[in-house]
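What follows is a single structure, written as structure tokens, with notes after it.
The values are calculated or read from the model by the stated rules, or taken from the named source; none is laboratory data. This structure is a prediction, so every number in the text was calculated from the model and none was measured. Virtual Cβ from ideal backbone geometry, glycine too; neighbours counted across all protein chains shown. Accessible surface is based on the protein model in full, side chains and every heavy atom, while ligands, DNA and RNA are left aside. Shrake-Rupley method; radii C 1.70, N 1.55, O 1.52, S 1.80 Å.
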Amino acid sequence: MVLRSCWKSRHKNSGGPAPCWIRPGLVAVLCLCVIQIGCGSGAVGETKNVVQKDAEFDVTYNDTVTSENQTIYAFNHTVSRNKTEGVRVSVLSQLSESPILFVVRQKQAVLSFQVPLILRGLYQRKYPYNHVARTLCQPPTRAASETQYFFVDVSTLSTQGTNYQLRVSRVESFTLQTNKKFTFTASPSQPQYFKYVFPDGVDTVIVKVNSDMNFPCSVMSIQDIQCPVYDLDNNVAFIGMYQTMTKKGAITVQRKDFPSNSFYVVVVVKTEDEACGGPLRFYPLRPDELIDAGNRSKVLDVMVSPAINSEVYVMGMLFCLGIFLSFYLLTLLVILYVWLCVATGKTPASPYEYGSFADNGSTLSSEAITDSATSTDNNYGYMERSLDSVGRSRQESLSSVEEDDYDTLDDIDSDKNIVRTKKYLCVSDLARKDKRVLSKKYQIYFWNIATIAVFYALPVIQLVITYQTVVNVTGNQDICYYNFLCAHPLGALSAFNNILSNLGYVLLGLLFLLIVLKRDIVHNRALVRNSLNALECGIPKHFGLFYAMGTALMMEGLLSACYHVCPNYTNFQFDTSFMYMIAGLCMLKLYQKRHPDINASAYTAYACLAMVIFFSVLGVVFGKGNAAFWIVFSVIHILATLLLSIQLYYMGRWRLDSGILRRMVYIVYTDCIRQCSGPMYIDRMVLLVMGNIVNWSLAAYGLIERPNDFASYLLAIAICNLLLYFAFYIIMKLRSGERIQCLALVYILFTAVVWGFALYFFFQGLSTWQKTPAESREHNRDCILLSFFDDHDIWHFLSSIAMFGSFLVLLTMDDDLDTVQRDKIYVF
């Protein structure tokens, strides 16, 4: 080892060749020494001694530094173009008020850090670290092999000697191998990074970092091969892609994003755990107080694996299309089978549906209808109306019919209160309004939801495109809650498989619309022929709500796809808004079947659904742990349940005015105190009591537990009420002596089984925005279908099929009544 003074070297050998210990590149070092000494002599008036030492790898140097001396350690190593060798500088020093500055000068990079290293947390907390280790950035070389020099300068402003230990070593396994796991240890002051080179034939890889420890919180980053490498907590987010992690982290990397066909995998341990959902340390009493961070070392392992190739993408798309297009094929086969049955005289369905029975007596003249009307008892005036309205051509334009002109029921205004409050009601009692008026009334459901869909979807699409752009530009993988272990990018989309799997909602929604359209056309043809079954039998056929349901299913697919472009808590309402719509429309359709005259108008229904979505937004924003919000919502929930119960029980024949309390007291006195009498409408009362029990229980659960996922809680309320009403409808249908046809029974059983499997996959919970992004990634799992789809994708497949089946159940469950007079069909 040679010890020299830089000052002395300036005066020696000034005219001769450079001394043998001066290596190429050392001229810059000597110039720096001269400048430093010159500045020091001008400012302090003293000569600062600079000592240079030849140093070796894997040797620990124990030394002391003061403000009067500066030490330079000179290293050299061989760099190969085909092999990257990592170099790591490790420094250990005692804690002192005056830190030691270490400057590592390389051919194309400079790295500097102080020891103790002060890292800041939230609220300007300061954490000192006296053990620092940094990996040097290795610039690429064009030569096949060359020797490169780098220097470690050690200096301080402390007048007292400060001891330190310096060790420079080579990093084993600096270049990661495909499908080989490598284990390492990192801490806030000792980050780690490794290099990976894309092998031939591989265009996409997935980098997985795992640990058995939840905390300390850490960050994994993917950065391009350039210097400097940002590997500290305060700068790791400057470039590249990054995400916080506890136990799991995964980032999919594409070759096209890295021109050098290689990248760095950087792992940094954060100074605090708040970003990963951990506890926040106490606030220091003094602003400049240093806080002992304790042991924040974390053992991790990293593995880089090839991602799927283009063939898997094609297979996944064909599989998705094949599943749902098979339903179109199955529908065509069913239609062909029915047509053949009709052609051979063996009709399996409604006798007026297919239009070939005109010669078999299903089409009657006006005289026949009149004779039938005079021979029918207890028809409550429905059959006594003029045949002009019964036989009116369905080809007349509905645009000339206004509900305000016909909905007053002037001809029966004197007795409608009597009719609707009878103890036993039949469908004919609640199907007295003009069919054209009701048809137009229910068509408004479709046109309104189509308008809502356009105005809702356009800003949603714009917003999620912005979200995806922000993710791609900033590289912040914490914005979106993907299942990162099964997130396959395509173009600018980060999780194409989660978007593709929503195709089922759109295709099956469209298929349902086509089925409804076919039924609508056939029914209108039957009306034109004055078919008795179409005019006076069965549940009144109004298809507007069915069209709205099919449109809502399609929009659910579109908006769910938009949500999965960048899933997070701020846009979760995109995924749930039309679920509320679907649940509400299904309940309205069930009620409309036997209450066509008194069903809610489209404006009222959508206004109520808008209030539900409004509360959903409030709950997501303000509901987390907010007692006041939950109290207000629970009160509104219970009051709405009571008001709806009264509306349903009295068939709308009540008034909400200043005298309602007086009437309530009177009813309680006469029916409960003066004489104990049971309810007049027992079936309705049973349904409403059960509904109130369920809703009051849900309100109590929400008030006590205050679930974080308010949107799902609200959806659970809607689904529970829908299932309760559907079960009541089926039970009452069977109790009334009606039957369920074979096809509808098959739909019910098939839908129930599919819903069971769908809910199983739904509750797998591959991610959750109720937690931090790092905690959400603990739930991530690998793909389970074709190496392309995960559990949530299968939920999309099965739930779209189940919803389609549920719609078919609503469409066909009352086909057995198509030959039954409406005054023989009970209302419940």
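Quick notes on this structure:
- Using 0.36 nm per residue and subtracting the Cα-Cα separation, the extra length available between Leu329 and Thr570 on full extension is 82.8 nm.
- Solvent-accessible area per residue, Å², over region 565-656 with all protein chains present [probe radius 1.4 Å]: 41 Å²
- Per-residue ³J(HN,Hα) for region 716-726, Karplus 6.51 cos²θ - 1.76 cosθ + 1.60, θ = phi - 60°, Hz, x for Gly and Pro: 4, 4, 5, 5, 4, 5, 5, 5, 4, 5, 5
- Once the Cβ-Cβ distance of Glu289 and Leu101 is raised to the sixth power relative to R0 = 25 Å, the FRET efficiency obtained is 0.60.
- Extension gain for Ile465 to Leu122 (0.36 nm times residue separation, less C-alpha to C-alpha distance): 120.3 nm.
- Relative contact order of region 49-171, pairs being alpha-carbon contacts under 8 Å that are 6 or more residues apart, as %: 45 percent
- Packing, taken as the mean count of other beta carbons within 10 Å per residue, orders the peptides 710-721, 498-509, 288-299, 199-210 from highest to lowest as 498-509, 710-721, 199-210, 288-299.
- Sparse packing (at most 13 other Cβ atoms within 10 Å of the Cβ) combined with a DSSP loop state is found for the following chymotrypsin sites (Phe, Trp or Tyr not before Pro) in region 735-814: Phe763.
- P(r) tail fraction, region 49-171 - alpha-carbon pairs more than 17 Å apart, %: 58 percent
- Calculated from backbone phi, Karplus (6.51, -1.76, 1.60) coupling profile of region 473-480 in Hz, x at Gly/Pro: 7, 7, x, 7, 7, 7, 6, 10
- Spatial separation of Cα centroids for region 243-317 and region 460-516, in angstrom: 23 Å
- Environment charge at Asp816 (Cβ cut-off 12 Å; Lys +1, Arg +1, Asp -1, Glu -1): -2
- Modelled spin labels at Arg170 and Ile521, positioned 7 Å past Cα toward Cβ, are 7.8 nm from each other.
- Neighbourhood charge, 10 Å Cβ-Cβ cut-off, centred on Gly765 and excluding it, Lys, Arg +1 and Asp, Glu -1: 0
- Accessible area (Å², per residue) of region 727-828, counting only protein heavy atoms and a probe of 1.4 Å: 42 Å²
- Shape summary of region 179-232, radius of gyration then Dmax from alpha carbon positions: 13.0, 37 Å.
- Förster-model FRET efficiency, 25 Å R0, Asn235 and Arg142, C-beta, rounded to 0.05: 0.30
- Nonpolar atom fraction for region 49-171, defined as the carbon and sulfur part of the 1.4 Å probe accessible area, stands at 45 percent.
- Virtual spin-label span in nm between Ser262 and Ile631, 7 Å along Cα→Cβ: 6.5 nm
- Accessible area of region 91-185 divided out per residue, in Å², using a probe of 1.4 angstrom: 51 Å²
- Between Ala457 and Ser712, the FRET efficiency estimated from the beta carbon spacing at R0 = 30 angstrom works out to 0.85.
- One equal scatterer on each Cα of region 146-205, no solvent, Debye formula: the resulting log10 I(q)/I(0) at q = 0.13, 0.16 Å⁻¹ is -0.64, -0.84.
- Across the cross-link table entries Lys435/Lys733; Lys180/Lys248; Lys53/Lys83; Lys248/Lys298, which are compared at the Cα atoms, the separations over 20 Å belong to Lys435/Lys733; Lys53/Lys83.
- Net charge contributed by nearby residues that have their C-beta within less than 13 Å of Gly316 (K/R +1, D/E -1): -3
- Highest-first arrangement of 316-323, 582-589, 616-623, where packing means the average Cβ count within 10 Å: 582-589, 616-623, 316-323
- The distance between label points at Val686 and Leu745 comes to 2.2 nm (points 7 Å beyond Cα on the Cα→Cβ vector).
- Full extension of the chain between Ala492 and Phe757 yields a length gain of 92.2 nm, computed as 0.36 nm times the residue separation minus the alpha carbon distance.
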